[in-house]
Amino acid sequence: MSALTDGQLVGRCRAGDDVAWNELVERFSRYVYAICVQAFRLREHDAEDVFQGVFAKVYEHLPRLRDDDAIRPWLGQLTRRCCVDRLRSGVREQPVGDELEPPGADETLARLDDALTVHAALAELSEVCREILDRFFARDESYHTIGEALSIPPGTIASRISRCLSKLKDALEGRSSAAAASGGKVTR
């Protein structure tokens, strides 16, 4: 299932595939939860309630999604609305200004969306490329350490990183072209 695109996964969910539904929840669970706690700063129990509500609404309203490939932007907006509703329900007894979204929510959502896009593009790369890029950028390992761990001469690590970054760029450009073509539209 993890090899399926988001659109293919949504299509299988629409067809009633329970395994696909579990994969959809697994694929997007960290994204939804991160929006709740990072962008809206919800407490853990509120974030868990919103998380449950979001996926209940996704299950109920998935047939309304016009473009299967637009699941992520739709999920992001749905999560945002549910977080605002949760914040609104928590302040009924307290006077509060009109603005319920915390400052920086848009930037946090954009950062989370970018991270998910990069993660998905990395998944399209070979195991070797993922490993090299992870070791160099995420773990901050030296060329020498990477070379020893992967049995690659340290002198070739820089060229491998460059080739893998080029492949990552191509994967990201392919994703942005597909996203622009889909438009992320949903009916109401």
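The values are calculated or read from the model by the stated rules, or taken from the named source; none is laboratory data. Not measured: the values here are computed from a predicted model. Cβ: placed from backbone, ideal geometry, glycine included. Neighbour counts: every protein chain shown. When the accessible area is computed, the model is the full protein with side chains, heavy atoms only, and any ligands, DNA or RNA have been set aside. Shrake-Rupley method; radii C 1.70, N 1.55, O 1.52, S 1.80 Å.
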task = Report, by residue number, each residue of segment 42-69 that is at pLDDT below 95, of a type in the set (Lys, Arg) and either in a helix (DSSP H, G or I) or within 18 Å of the chain's Cα centre (by Cα) (or both).
result = ARG64
Residue check for ARG160: open to solvent by 60 Å² or more (accessible area, probe 1.4 Å) and within 22 Å of GLU173 (Cα to Cα) = yes
task = Could you tell me whether any residue of segment 19-35 is assigned to a helix (DSSP H, G or I), polar (S, T, N, Q) and under 15 Å from SER2 (Cα atoms)?
result = yes
ask   = Before we move on, is LEU4 surrounded by 14 or more Cβ atoms within 10 Å (Cβ to Cβ) and either in a helix (DSSP H, G or I) or modelled with pLDDT of 90 or more (or both)?
value = no
message = Between a residue in segment 106-119 that is touching a residue at least 60 places away in the same chain (Cβ under 8 Å) and any residue that is outside any helix (DSSP H, G or I) and aromatic (Phe, Trp, Tyr), which pairs come within a Cβ distance under 9 Å, given they are 6 or more apart or on different chains?
response = THR108/PHE40
query = Out of segment 50-67, which residues are touching a helix residue (DSSP H, G or I) at 6+ places or on another chain (Cβ under 7 Å), open to solvent by 40 Å² or more (accessible area, probe 1.4 Å) and among the charged types (D, E, K, R)?
reply = LYS57
message = Going residue by residue through segment 87-106, is there one that turns out to be of a type in the set (Asp, Glu), modelled with pLDDT of 85 or more and part of a helix (DSSP H, G or I)?
response = no
query = Taking segment 68-86 on its own, how many of its residues are under 13 Å from LEU42 (Cβ atoms) and surrounded by fewer than 18 Cβ atoms within 10 Å (Cβ to Cβ)?
reply = 2
remark   = Per the list (1) under 17 Å from THR117 (Cβ atoms); (2) open to solvent by less than 30 Å² (accessible area, probe 1.4 Å), residue check on GLN38 breaks on (2)
request  = For segment 119-133, enumerate the residues that are closer than 22 Å to PHE28 by Cα and surrounded by 14 or more Cβ atoms within 10 Å (Cβ to Cβ).
outcome  = ALA120, ALA121, LEU122, GLU124, LEU125, ARG130
